1. Step by step: first the residues of region 184-215, then only those that are closer than 17 Å to Ile148 by Cα and hydrophobic (A, V, I, L, M, F, W, C), then the one that is surrounded by the fewest Cβ atoms within 10 Å (Cβ to Cβ). Which residue is that?
2. For region 82-103, how many residues meet the condition of being outside any loop (DSSP other than H, G, I, E, B), closer than 15 Å to Thr122 by Cβ and in contact with a helix residue (DSSP H, G or I) (Cβ under 7 Å, 6 or more places away or on another chain)?
3. Hey, Ala338 hits all of (1) closer than 21 Å to Val270 by Cα; (2) outside any loop (DSSP other than H, G, I, E, B) but one; which does it fall short on?
4. I'd like to verify a number: residues in region 270-288 that are exposed (fewer than 15 other Cβ atoms within 10 Å of the Cβ) and aliphatic (A, V, I, L, M), how many?
5. So which of Glu130, Glu167 ends up being under 30 Å from Lys220 (Cβ atoms) and acidic (Asp, Glu)?
6. Can you name the residue in region 289-311 that is surrounded by fewer than 20 Cβ atoms within 10 Å (Cβ to Cβ) and among the charged types (D, E, K, R) and, of all such residues, is farthest from the chain's Cα centre (by Cα)?
7. Take the residues of region 38-62 that are in a helix (DSSP H, G or I) and in contact with an Asp or Glu (Cβ under 8 Å, 6 or more places away or on another chain): which is farthest from Pro219 (Cα to Cα)?
8. Identify all residues within region 359-380 that are surrounded by 15 or more Cβ atoms within 10 Å (Cβ to Cβ) and not polar (S, T, N, Q); write none if there are none.
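The values are calculated or read from the model by the stated rules, or taken from the named source; none is laboratory data. Predicted, not measured: the structure shown is a model, and the values here were computed from it. All Cβ positions, even for glycine, are placed from backbone atoms using ideal geometry, and neighbour counts span all protein chains on display.
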Amino acid sequence: MHIRNRLDTLLKKFEKRFTPLNRIEIIEDNVLYNYDFFSRLTRGYVWPVLKANAYGHGLKEIATILQKRRPQYFVVDSYFEALKVWDVAPHQNVLLLAVTNPVNFKNMNFKKCAMVVYSIETIRALGALERPVRVHLKINTGMNRQGIEPAELDTYIREIKRHAHLELEGVCTHFADADGENDAFTNAQQKLFSDVLDTLEQKNIKPRFAHSAATNGSPKIHDPRCNAMRLGIGLYGFHTLQQLDPARHVVAELKPALRFVSTIIKTREVGVGDVVGYNCTFKADKPMHIGLLPVGYYEVYDRRLSNKGFVRFKNHGLPIIGRISMNLTTVDLEDSDAQVWDEVEIISPCLKDKNSIPEMAALAGTIPYELLTSISETVRRVVV
């Protein structure tokens with residue numbers, strides 16, 4: 001641990017001396033604004049989801065910011081992510097969503113983490129530890145990925161009760177179509193989940209938490225027993241809430257929290273008929289002044305944005321030309337005065353810009369989640 005701390009200190013000193021060509025800015029005020037918005041909108045607890053490197057934003061950076069709000073749980077996928085949380089927030093409780101190999105249970109700190117469970121084997125392995133463990137039983141209400149069937153509830157409750165050290169702290173489910181235009185499937189799932197809560201009450205079992213909604217499902221929860229939500233994409237400034245519940249006039253003016261900045265490292269002139277990039281997908285039909293950026297599909301850019309996407313320099317949108325490479329992208333510098341070492345904006349936190357995450361996702365034929373979580377962890381993140 002002492003050696004690791006010294007290495008971390010040396011790396012931080014090196015980072016301060018070294019000016020990167022690519023930089024991600026995490027806008028602290030926007031993260032907190034989004035969290036507070038959902039805290040006002042939602043009854044009960046709001047648990048930020050920090051899996052997948054906090055949706056590309058940087059797990060440690062987001063965990064550090066959110067310590068100011070002291071959420072009851074951070075939600076992560078794996079114990080590896082929990083360890084990263086504890087590097088910056090050593091006393092934070094963490095809820096693990098994914099399967100963990102039972103051979104690892106003996107080395108895990110269950111004083112600070114609870115587990116979502118949906119197999120008898122996992123419950124038995126946790127019970128065999130004879131240590132206090134909080135579990136959240138996941139119910140399959142129609143997503144048909146993880147979770148137990150409602151008909152299996154009695155079996156699982158009996159198994160949990162067999163182990164004196166296990167606490168059924170929560171029950172949960174996950175919606176399959178919360179961002180869809182028709183609420184019928186979500187309502188059916190919620191009805192099944194409410195039926196499960198009814199069954200538990202009849203057995204005088206009252207878990208402390210019941211949670212079914214993530215960001216887009218949060219306005220659709222009408223059962224007051226659902227007292228917690230898992231806040232994912234909304235924490236980072238993206239949503240479809242205004243489409244989901246117009247009757248409640250929910251218009252969420254969320255604020256994207258990520259800005260990606262790169263640097264022009266070379267400019268050149270190309271003539272009529274010259275090609276740019278791999279496979280000759282761009283051919284100049286006039287003399288052009290072009291620029292090279294040290295950012296490609298490894299760092300952030302979906303390759304489907306080749307010859308489609310834009311970066312911004314001052315108030316100019318600079319079109320991407322040619323194929324996006326692993327670590328390089330070429331842009332058209334026409335009508336701008338951009339020069340070598342000038343900064344350009346790869347991702348804008350302004351939703352109306354052509355290089356905002358929703359606009360980029362639309363151009364690439366994908367969803368914001370995919371673009372955000374594909375941002376390389378090696379790009380330096382700074383909280384601003």
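1. Top of the filtered list is Ala188.
2. Matching residues across region 82-103 total 2.
3. The single condition Ala338 does not satisfy is (2).
4. Adding up the residues that qualify gives 2.
5. It is Glu167.
6. Lys308
7. Across region 38-62, the extreme among qualifying residues is Lys60.
8. Glu359, Met360, Ala361, Leu363, Ala364, Ile367, Pro368, Tyr369, Leu371, Leu372, Ile375, Val379
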